[in-house]
Amino acid sequence: MNKNLILLFALCLATTTFAQVGGRATYQFLNLLNSPRQAALGGKTVTNYDYDPTQGLFNPASINPEMDNQLSINYNNYIGDVNYGTAAYAYLWDRRTQVLHAGVTYINYGNFDGYDEQGNATNSFSGGEVAVSFGHARNVAFTNFHVGANVKFISSTLEQYSSFGVAVDLGLMYVYEDWDLHFALVARNVGTQLTPYDVTIEKLPFELVFGASQTLENIPIRWHFTLENMQRWNVAFSNPNREQGDLEGNVTEEKINFIDNAFRHMIFGIELFPESGFNIRLGYNVRRSEELRILEQRSFAGLSAGFGIKLNKLRLSYAYSKYSTAAASSFFGLNIDLQ
C-alpha cells in the first residue's frame, strides 16, 4: 500500500506540468494562507508537524496523531472588503486507520454595485467561494517519511455565474526527530473544473512547494525556509512603473536576472520560543516584497509578524502582514483542544 501511495505521488508530479501564478488559473483563493501562524512566517509553510490541524490544509503529509481532537478556526480581515477564513479538525480513529482530517476554506468578496454597458445602475451583487477538504496521512513503514493526500470539493459563485470543481493535494514529508529537522514537498490543487462558469474549462492554480525547518539545539529558535511556485521558474516580471526614461524619450525597462528569479521563490521565517506557551513569529516573503515595494520609499512590503499564546486548552494566534504603504491584513486564529 505504501509503495502504491509513493508511486501515485510521483505520477501526479510528472503529469502535472502546467505552471500557474496569479491570473493564470481559476479558484485562486485555494492558495491563500490558512492560519495566522503560517502568515506570520511569511506564507506557505509546509513543514510544521505538530498539534495544528490547519497545517493539514496546506500539506496533508503533516496530518499526525498529535492533532487528535484539535479544532482550529481562523479569520483574516483581508484587503478592502474581502474576508476569508479556514476551519480544520482532526480525529484519531484508531491505531490502524490513524488520523482523519477535515477542513473548510471560504472567501467572501463583499458586495458590488452593478452597471450595464451604458453605465446605468443595475442590481447589486456579491461573490464567494468555498472548498471543503478531507485528508489522511500515513507513515511509510520503518522510515521517517510520511505521505498524505487531501481531496477538495470546490464551489464558486461570482454574480450570476457559478462553478464547481475538484482537486487533490499530495504531500511527502521527512521528519528526522534526532535533529528536529523537517523536509516537505507538496503538490497542491491537482484537479479540474467539473462545471465551468460559462463554456471554457479553466485550469486550477497548481503549485509545487518545498520546505525545510529545524529547531536549533540549545537555542529557542526554529527557522523555516520555503520555495514556492517551483513548477514555474520565471515568476518575476518587469514592472512598468519602474521604467526609466531619459531626455531623448528612450525608455529602459526594469531588468530581471537569474538572481532576481531565484530569490522570488524564497520565503524565510523564524519562531522564537517555538515550544513554549508564548512564541513570536517573523517572516519575509521575497516575491511579495519585490512586486509591491515602492522605489525610493520604505514600505516594509513582504514583512510579517505575529505571536501565539497558549491558555490551558486554548491557543490564540495573531499575524500582521504588510503588503504596501496602503495595504496590510490582520489574521486571527483560535485552536481548541476538545479532549
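The values are calculated or read from the model by the stated rules, or taken from the named source; none is laboratory data. Given the structure is predicted, the values throughout are model-derived calculations rather than measurements. Counting neighbours? That spans all protein chains shown, and the Cβs are built from the backbone with ideal geometry, glycine included.
For the stretch 92-111, the candidate set comprises residues that are farther than 30 Å from Phe125 by Cα and exposed (fewer than 15 other Cβ atoms within 10 Å of the Cβ); within that set, the residue that is modelled with the highest pLDDT is Trp93. Restricting to helices (runs of 4 or more DSSP H) lying wholly in the stretch 1-69: which have 3 or more residues that are out of contact with any Leu (no Cβ under 7 Å at 6 or more places or on another chain), at pLDDT 50 or above and not β-branched (Val, Ile, Thr)? Fully inside the stretch 1-69 and qualifying: 36-40, 55-58. Taken together, the residues in the stretch 320-339 that are in a strand (DSSP E or B) and surrounded by fewer than 16 Cβ atoms within 10 Å (Cβ to Cβ) amount to 5. Look at Asn76 and say whether it is crowded, with 24+ Cβ neighbours inside 10 Å and modelled with pLDDT under 95. The answer is yes for Asn76.
Taking the stretch 253-285 as the range and being touching a Lys or Arg at 6+ places or on another chain (Cβ under 6 Å), closer than 18 Å to Thr226 by Cβ and either of a type in the set (Gly, Ala, Ser) or at pLDDT below 95 (or both) as the test, the residues that pass are Arg264, Pro274. Of all residues in the stretch 308-319, none satisfies being in contact with a Lys or Arg (Cβ under 7 Å, 6 or more places away or on another chain), surrounded by 18 or more Cβ atoms within 10 Å (Cβ to Cβ), assigned to a loop (DSSP other than H, G, I, E, B) and at pLDDT 85 or above.
Each residue in the stretch 163-177 was checked for being surrounded by 22 or more Cβ atoms within 10 Å (Cβ to Cβ) and within 18 Å of the chain's Cα centre (by Cα), and 6 of them qualify.
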